[in-house]
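First comes the structure, then the notes that go with it.
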Amino acid sequence: MEQVNGIISVIKPLQWTSMEVVRQVKRLTHQKKVGHAGTLDPQATGVLPICFGQATRLMEYMVDSLKVYRAQVLLGVSTDTYDAQGQVTGVKDASHVTEEDVLRELEAFRGVFYQVPPMYSALKRDGERLYNLARAGREVEREPRKVEVFQLKITRWSPPEVELEMDCGRGMYVRSLAHDLGIALGCGANLKGLTRLRTGIFDISTAVSMDQIEEACREGSWLSLLFPPDFPLLDLKAGVVQREKEERIRRGQGIYLGIPSRGPSERDLCRLYSVEGDFLALLRPGRVRGLWQADKVFSLRPSSP
């Protein structure tokens, strides 16, 4: 089968790693160039965009996009992994904690703040994954990282459990938020369950299960599950050019468009299309006002079975 270019929004199953989803999708579709846009813990489920062909070149933009999570937090029990899969490190009575207490402490987790990543994470220290160090019984100091939570609310209060929904940026560990919330409340807590409801433009309502993908592959209809490569970029401004400017972009030259730019120092991107409607490139502002340079150039053909 020829290379397919596009994205399938997958609901990652519980207990699967994100890479296990990629390997299974590669096996089912017989595609070689496949990747995912944003790791989910094995204990989490929800939206995981799987990219094919030239769409893999856009994964960095999806990883940076807004994420929406629904989290179940269990109060009164702390674990070494900060989730329900870890070893229990502390148990305290949480019966005195009220919904108003939780609402008050959640204020510290809204907006921009610094968060210490969990030891059981894929981050590296001196070339070694933190989770490998943790499994070997070693705990090392972790540099706090700046994260941002745009919205955080209680969606269900059923003590000792509280369900939260949050909109956040890249790099936010929901497990750490649950752990830190437990510390703030004085009773400890861990993340009992996590579902990613949205990543960028991809919503769980339009995502498909692995069973649906497997069935579509058996029927030979899996290409109908694909979103086009430029789908996650539809919130960006766009321009259309004639063949002459298209060739200039493909030669690595800049072009002038009737689209304002704010300068090369800001994240100001533009989609570029041919008059036939083909997605040609992702442009970035050049050094001269009004000049655009190619950030990535694409050569896409319609996919066929």
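Any chance you could count how many residues in region 205-249 are under 14 Å from Tyr273 (Cβ atoms), in a helix (DSSP H, G or I) and over 23 Å from the mean Cα position of the chain (by Cα)?
So the answer is 4.
Okay, residues lined up against (1) acidic (Asp, Glu); (2) under 25 Å from Ala281 (Cα atoms); (3) outside the structural domain of Ala281 (by TED's automatic domain parsing); (4) touching a His at 6+ places or on another chain (Cβ under 7 Å):
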site: Gln24; (1), (2), (3), (4): no, no, yes, no
site: Met59; (1), (2), (3), (4): no, yes, yes, no
site: Tyr82; (1), (2), (3), (4): no, no, yes, yes
site: Ala94; (1), (2), (3), (4): no, no, yes, no
site: Phe109; (1), (2), (3), (4): no, no, yes, no
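Please determine, by comparing only the residues of region 25-41 that are free of Cβ contacts under 8 Å to residues at least 40 places away in the same chain and within 15 Å of the chain's Cα centre (by Cα), which one is nearest to Leu14 (Cα to Cα).
That would be His36.
Considering only region 257-295, how many residues are surrounded by fewer than 16 Cβ atoms within 10 Å (Cβ to Cβ) and either at positive phi or modelled with pLDDT of 90 or more (or both)?
Total satisfying the criteria: 8.
Anything in region 81-117 that is of a type outside the set (D, E, K, R), more than 21 Å from the chain's Cα centre (by Cα) and assigned to a helix (DSSP H, G or I)? List them, or say none.
Scanning region 81-117 gives Val102, Leu103, Leu106, Ala108.
Can you find even one residue in region 193-205 that is at negative phi and surrounded by fewer than 17 Cβ atoms within 10 Å (Cβ to Cβ)?
For region 193-205, residues at negative phi and surrounded by fewer than 17 Cβ atoms within 10 Å (Cβ to Cβ): present.
Can you tell me which condition His36 does not meet? The list is (1) more than 20 Å from Met166 (Cβ to Cβ); (2) surrounded by fewer than 19 Cβ atoms within 10 Å (Cβ to Cβ), and all the others hold.
Among (1) more than 20 Å from Met166 (Cβ to Cβ); (2) surrounded by fewer than 19 Cβ atoms within 10 Å (Cβ to Cβ), the lone unmet condition for His36 is (2).
If I ask for residues that are outside any strand (DSSP E or B) and either at pLDDT below 95 or farther than 21 Å from Glu100 by Cβ (or both), which ones from region 162-178 would you list?
Gly169, Arg170, Gly171, Met172, Tyr173, Val174, Arg175, Ser176
Taking the condition touching a Pro at 6+ places or on another chain (Cβ under 9 Å) and touching a residue at least 60 places away in the same chain (Cβ under 8 Å), does Ser78 pass?
No; evaluated as a whole, the condition is false for this residue.
Return the residue satisfying two criteria in turn: it lies in region 52-80 and is among the charged types (D, E, K, R) and out of contact with any Asp or Glu (no Cβ under 6 Å at 6 or more places or on another chain), and of such residues it is modelled with the lowest pLDDT.
Checking each candidate, the answer is Asp64.
The conditions are (1) touching a Ser or Thr at 6+ places or on another chain (Cβ under 6 Å); (2) on the phi > 0 side of the Ramachandran plot; (3) at pLDDT 95 or above, and Leu14 fails exactly one of them. Which is it?
(2)
Would you point out which residue out of Val102, Val97 is surrounded by 15 or more Cβ atoms within 10 Å (Cβ to Cβ), out of contact with any Phe, Trp or Tyr (no Cβ under 8 Å at 6 or more places or on another chain) and either of a type outside the set (Ser, Thr, Tyr) or farther than 25 Å from Val149 by Cα (or both)?
Val97
Restricting attention to region 156-175, which residues are closer than 19 Å to Gly90 by Cα and out of contact with any Phe, Trp or Tyr (no Cβ under 6 Å at 6 or more places or on another chain)?
Pro159, Pro160, Glu161, Val162
Collect the residues in region 179-203 that are under 16 Å from the mean Cα position of the chain (by Cα) and either closer than 26 Å to Arg145 by Cβ or assigned to a loop (DSSP other than H, G, I, E, B) (or both), keeping them in residue-number order.
Correct list: Leu194, Thr195, Arg196, Leu197, Arg198, Thr199, Gly200, Ile201, Phe202.
Which of the residues belonging to region 105-122 are modelled with pLDDT under 95 and surrounded by 17 or more Cβ atoms within 10 Å (Cβ to Cβ)?
Gln115, Pro117, Pro118, Met119, Tyr120, Ser121
Taking region 149-169 only, how many residues are farther than 18 Å from Arg110 by Cα and among the acidic types (Asp, Glu)?
So the count comes out to 1.
The values are calculated or read from the model by the stated rules, or taken from the named source; none is laboratory data. In this text, all values refer to a predicted model and were calculated from it rather than measured experimentally. Glycine also receives a Cβ, built like all others from the backbone with ideal geometry; neighbour counts cover every protein chain displayed.
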